[in-house]
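Scroll down for the structure; my scribbles are underneath it.
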Amino acid sequence: METSSSNKKTLYVVGSIALLLLLVINVILVIQNRDLKQRLEEFAAQRTPNILKVGDEVPSAVITMLDGQRKELSYSDSNKKYLLFLFNTTCGSCERNLPTWESIAASKQNGTYDILALSIFDEEKTRAFVSEKKMNLPVGLADTSFVKSYKIIGVPHTVVIDGNGTVQKIWSGTLKPENIQEIMNLLSAS
């Protein structure tokens, strides 16, 4: 009986030590997990892309148009607005937006806003795309400095900018029918 009691005590001590060890390991893992989560959040905050947002001020820019002329976006007339269609030649959503963009451009009612379609692709591919799609929009080339300063990380984007260079609204992806009226309202508002 003594051995049985001794075995029970040994099992109790070994079990207690094992339980204590598991508890210590669990506490260590919880602390490590918390530290890793904090590091991951800090890393994610550093890696968050700096994208164009409503309220951002954009700099003046000079755009080379496909017809060879240069178009200045100076944002020096507070009564004027700018509607930019940003696209590339391999983007399906951009292609689906073309009829909508052309419809908006065709309904331009006055000279209080400028409309520009800006390709973020090279000139040769852009010319071929414009010709193939029979685009009826003023098309320019958004060079690397434009893309960087306007914080463009994807297309399509439809952007309304006021005469002071402040972004009023951005639509990403394929436009919906209700977006057309919203765009027209923004362009006609003083």
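Tabulated results
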read-out	value
Single residue of THR126, THR90 found to be among the polar types (S, T, N, Q), farther than 15 Å from LEU186 by Cβ and touching a strand residue (DSSP E or B) at 6+ places or on another chain (Cβ under 6 Å)	THR126
All positions within region 119-144 that are over 15 Å from ASP67 (Cβ atoms), of a type in the set (D, E, K, R) and either touching a residue at least 60 places away in the same chain (Cβ under 8 Å) or not in a helix (DSSP H, G or I) (or both)	ASP122, LYS134, ASP143
Which listed residue is farther than 18 Å from ASP56 by Cβ and modelled with pLDDT under 90, from ALA128, ALA189	ALA189
THR112 vs. criteria assigned by TED's automatic domain parsing to the domain that holds LEU66, β-branched (Val, Ile, Thr), surrounded by 13 or more Cβ atoms within 10 Å (Cβ to Cβ) and closer than 21 Å to GLU72 by Cα	yes
Condition met for ASP35 (in contact (Cβ under 8 Å) with a residue 24 or more places away in the chain and not assigned by TED's automatic domain parsing to the domain that holds PHE146)	no
Condition check for THR90: in a loop (DSSP other than H, G, I, E, B) and either of a type in the set (Val, Ile, Thr) or touching a helix residue (DSSP H, G or I) at 6+ places or on another chain (Cβ under 6 Å) (or both)	yes
Residues being surrounded by fewer than 16 Cβ atoms within 10 Å (Cβ to Cβ), assigned to a strand (DSSP E or B) and among the aliphatic types (A, V, I, L, M) - total across region 145-186	0
Positions within region 93-118 being outside any helix (DSSP H, G or I), closer than 23 Å to THR144 by Cβ and out of contact with any helix residue (DSSP H, G or I) (no Cβ under 7 Å at 6 or more places or on another chain), in sequence order	ASP114, LEU116, LEU118
Region 102-118, residues that are β-branched (Val, Ile, Thr) and without any contact (Cβ under 8 Å) to a residue 60 or more places away in the chain	ILE115
Pair list, Cβ under 6 Å, 6 or more apart: region 45-71 residue within 20 Å of GLY154 (Cβ to Cβ), other residue at pLDDT below 95 and part of a strand (DSSP E or B)	ALA61/LEU73; ILE63/LYS71
Evaluation of THR89 against (1) of a type in the set (Val, Ile, Thr); (2) surrounded by 14 or more Cβ atoms within 10 Å (Cβ to Cβ); (3) not assigned by TED's automatic domain parsing to the domain that holds ASP122 (one fails), failing number	(3)
Among the candidates GLU57, GLU124, GLU95, residue that is over 24 Å from the mean Cα position of the chain (by Cα) and of a type in the set (D, E, K, R)	GLU124
GLN69, sole failed condition from (1) at positive phi; (2) assigned by TED's automatic domain parsing to the domain that holds ILE180; (3) loosely packed, with under 11 Cβ neighbours inside 10 Å	(1)
Filter result (among the small types (Gly, Ala, Ser) and assigned to a strand (DSSP E or B)) within region 53-75	ALA61
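The values are calculated or read from the model by the stated rules, or taken from the named source; none is laboratory data. Quantities reported herein were computed from a predicted structural model and do not represent experimental measurements. Virtual Cβ from ideal backbone geometry, glycine too; neighbours counted across all protein chains shown.
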